[in-house]
1. For the charge dipole of the chain, defined by +1 on Lys and Arg C-beta atoms and -1 on Asp and Glu C-beta atoms about the Cα centroid, which residue among PRO254, LEU158, THR203 has the Cα displaced farthest towards the positive pole?
2. Keeping all protein chains in place and using 1.4 angstrom, which order do ARG228, ARG72, ARG220 fall into by accessible surface area, from largest down?
3. Longest segment of the chain with no chymotrypsin sites (Phe, Trp or Tyr not before Pro) in a DSSP loop having at most 16 other Cβ atoms within 10 Å?
4. Can you bin the range 136-285 into rounded, prolate or oblate? Criterion: square roots of the alpha carbon gyration tensor eigenvalues sorted a ≥ b ≥ c, rounded for a/c under 1.5, prolate for a/b above b/c, oblate for the rest.
5. How much of the DSSP beta bridge set in the chain is antiparallel, as a percent to the nearest 5?
6. On a 27 Å Cα-Cα criterion, which of the cross-link pairs LYS49/LYS141; LYS9/LYS285; LYS135/LYS285; LYS62/LYS277; LYS19/LYS49; LYS49/LYS156 come out too long?
7. Could you pull out every residue, at least 5 positions away or on a different chain, whose amide H is within less than 5 Å of the one on PHE174? Hs are placed 1.01 Å off N in the peptide plane, and Pro or chain starts have none.
8. Of MET183, MET270, which has the most accessible area with a 1.4 Å probe, and how do the rest follow in descending order?
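The values are calculated or read from the model by the stated rules, or taken from the named source; none is laboratory data. These numbers come from a predicted model, not from an experiment. Here Cβ is always computed from backbone atoms with ideal geometry, including for glycine, and neighbour counts include all displayed protein chains. Quick note on the areas: whole protein, heavy atoms, side chains included, nothing else; ligands and nucleic acids left out. Shrake-Rupley method; radii C 1.70, N 1.55, O 1.52, S 1.80 Å.
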Amino acid sequence: MNFIQNEIKVGNIVFSNEKPLTLIGGINVIENQDFTFKCAEFYKKVCQKLSINLVFKASYDKANRSSANSYRGPGIDEGLKILSEIKKELGLAIISDVHSPEEAIKASRVLDVIQLPAFLARQTDLIYALANTGKVINIKKSQFLSPFQVRNIVNKFLSFGNNQLLLCERGHTFGYDNLVVDMLGFGEIKKTCNNLPLIFDVTHALQCRDVGSSTSGGRRNQIFELARSGVATGIAGIFLESHPNPNDALCDGPCALPLDHLEELLTQLMAIDNLVKSFEKIIIK
């Protein structure tokens, strides 16, 4: 299988750079079952009100923490149990990170979309294992890769027989401890990867680490302007993590959108998406 699909379906949800914006949204990590259910219910309620397709995101294990003392989550068995119950009771499609080939089969029994973490996006054995699940894969673009280099990761998946692919931009390393989002790079990625559905992870693009710190800082006060800018380029989806009380979050709170701002942000993003995609596409040579 050596061709790229520019329209990917997850049940009734369609990811396409030309079709209405889809949300991959949720929380950074499962803190406990009750917390995760309440957040999922809130996301579902808002997305139904605004007629936005939702894939709910929650990590069962944050395996790439800087500090050994950082909270990682409940682990794969308990985490997948919680996600399975959310999927069954709320009828939501589910996405979570998978960090090792050994996790792939077990996780694929629950997840509708498997996320390949940015730091692991060049790990061939992991890509092989994820490809063999036959699931839709959300490839997080590594912070150190140019827009042109991500085609190599896509080609690995194609060579292993999986073209159910989404590509997710999450910012590029800019000097020490900082990220920058290259909006012109969005177009280069789409051109390089034959218009493969592009997702913008606005949450993690806001990371900005304090010098010497073992945890990530962030600039959540700028989430509206960054998200609006990305959606204006014409993309398939937005990736977003929220928390009812970001200052109390067990992981990546400085980048999380306060949950009570979710409807306001999505309303703005859908207005921009509808406007941009109503324009006739013009190609300048």
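1. Farthest towards the positive end: LEU158.
2. Sorted descending by solvent-accessible area, the residues read ARG72, ARG228, ARG220.
3. 177-278
4. Oblate is the answer for the range 136-285, as a/c is 1.5 or above yet b/c matches or exceeds a/b.
5. 20 percent
6. Exceeds cut-off: LYS49/LYS141; LYS9/LYS285; LYS135/LYS285; LYS62/LYS277; LYS49/LYS156.
7. Here LEU179, VAL180 satisfy the definition.
8. Reading off the accessible areas and sorting them downward yields MET183, MET270.
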